[in-house]
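Shown next, in structure tokens, is the structure this report addresses.
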Amino acid sequence: MKTVLDHLALKTIPLFSGLEEEELKKIAMLFSVRIYQRDAAIVSYGDPANEFFLIKHGVVRVYRLNESGEQVVLAILGGGDFFGEMGLFTDSLRTAWVDAMTAINLYVMQKADFRALLMSFPELCWKMLGMLSQRLIKSDEQLENLACLNVEERLQKALGMLAQEFGYSEGVCRVIPLKISHRLLGEMTGTSRESVTRALGRLEKKGWLTRGNDKMILRGPSS
């Protein structure tokens, strides 16, 4: 049975900010609600691109495999972000995997409804382009970090990004309330898991971070 979305839930989504309540009601009717548990696969490479996904709560990891078969993280997305739109524009198959880093609530729209939505509300296209441009800027920064920084510096940048996007302040510290494996950090920084383990140990000895159960606490600058 399809779970219908309450239009009021869309008010907190940046993509739909500024729309009138009657407009939100019409848009809400196009979405269904889907819930995934942590580590669940949401999208697989090569699948037909038939759905648009909007994140209400939770965090997902978007990744591909390189020529060696190693996972490379393309993006970490959280509440208010969207994914799955590229294949709907191009009629192509999925070009990446997406899985849940936490329990997650998604709003899901079918391809035909997504295209009709953009025809009815062309201003949403500009908002989407703006949000996608911000992602490209972050990707460029990540590539620059891979080329110019050592392992420890790349880890600080990656953890700083996670703290800024998904963390919260606790005194002078910044808490990242996510289960972050050494493997994931390696995928984000182009580093082996062993190198990540050694670098995290050095950062912990310096007092820059503290590791706990399903969280990390940064005591240094979060950038």
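All of the numbers you see were taken from the coordinates with simple rules; none came from a lab. These numbers were taken from a predicted model, which means no experiment stands behind them. Cβ: placed from backbone, ideal geometry, glycine included. Neighbour counts: every protein chain shown.
On a 0 to 90 degree scale, rounded to 10, what angle separates helix 193-205 from the longest Cα axis of the chain?
So the helix axis and the longest Cα principal axis differ by about 70 degrees.
Which whole-number percent of Cα pairs in segment 150-218 have a distance greater than 19 Å?
Result: 23 percent of Cα pairs exceed 19 Å.
Working only with C-alpha atoms, what are the Rg and Dmax values of segment 1-59, expressed in angstrom?
Rg and Dmax of segment 1-59, Cα atoms, are 13.2, 37 Å.
To the nearest 20 Debye, how big is the dipole of segment 1-84 about its Cα centre, given +1 on the beta carbon of each Lys and Arg and -1 on that of each Asp and Glu?
Rounded to the nearest 20 debye, it is 200 debye.
Working from the pairwise distances between different alpha carbons, so that the mean of 1/r is found and then inverted, what is the chain's Kirkwood radius in Å?
18.8 Å
With each run of n ≥ 4 DSSP H residues scored as -39500 (n - 2.57), what mean residue ellipticity at 222 nm is computed for the chain after dividing by its residue count and rounding to the nearest 500 deg cm²/dmol?
After summing the helix terms and dividing by the residues of the chain, the value is -12000 deg cm²/dmol.
If you place +1 on the Cβ of every Lys and Arg, -1 on the Cβ of every Asp and Glu, and leave all else neutral, what size is the dipole of the chain about its Cα centre, to the nearest 20 Debye?
720 debye
What number, in percent, do you get for the relative contact order of the chain if the mean sequence gap of Cα pairs under 8 Å and at least 6 apart is divided by its residue count?
Across the chain, relative contact order equals 18 percent.
Could you please report the charge total around Ala49, scoring K, R as +1 and D, E as -1 over all other residues with beta-carbon less than 13 angstrom from its beta-carbon?
Around Ala49, the charge tally is -1.
To the nearest 10 degrees, how steep is helix 111-120 against the longest Cα principal axis of the chain, on a 0 to 90 scale?
That helix lies at roughly 70 degrees to the long axis.
Could you tell me which residue out of Ala40, Thr210, Leu155 lies farthest along the dipole of the chain toward its positive end? Charges go on the beta carbon: Lys and Arg +1, Asp and Glu -1, centred on the Cα centre.
The residue sitting most towards the positive pole is Thr210.
Please list, by residue number, every one of the GluC sites (Glu not before Pro) in segment 35-101 that is coil in DSSP and has at most 16 other beta-carbon atoms within 10 Å.
Within segment 35-101, the qualifying GluC sites (Glu not before Pro) (loop, at most 16 other Cβ atoms within 10 Å) are Glu67, Glu70.
List the residues, sorted by chain then number, that are 5 or more residues from Asp47 or on another chain and whose placed amide H is less than 5 Å from its amide H.
Here the answer is Arg94, since their amide H atoms fall under 5 Å of that of Asp47.
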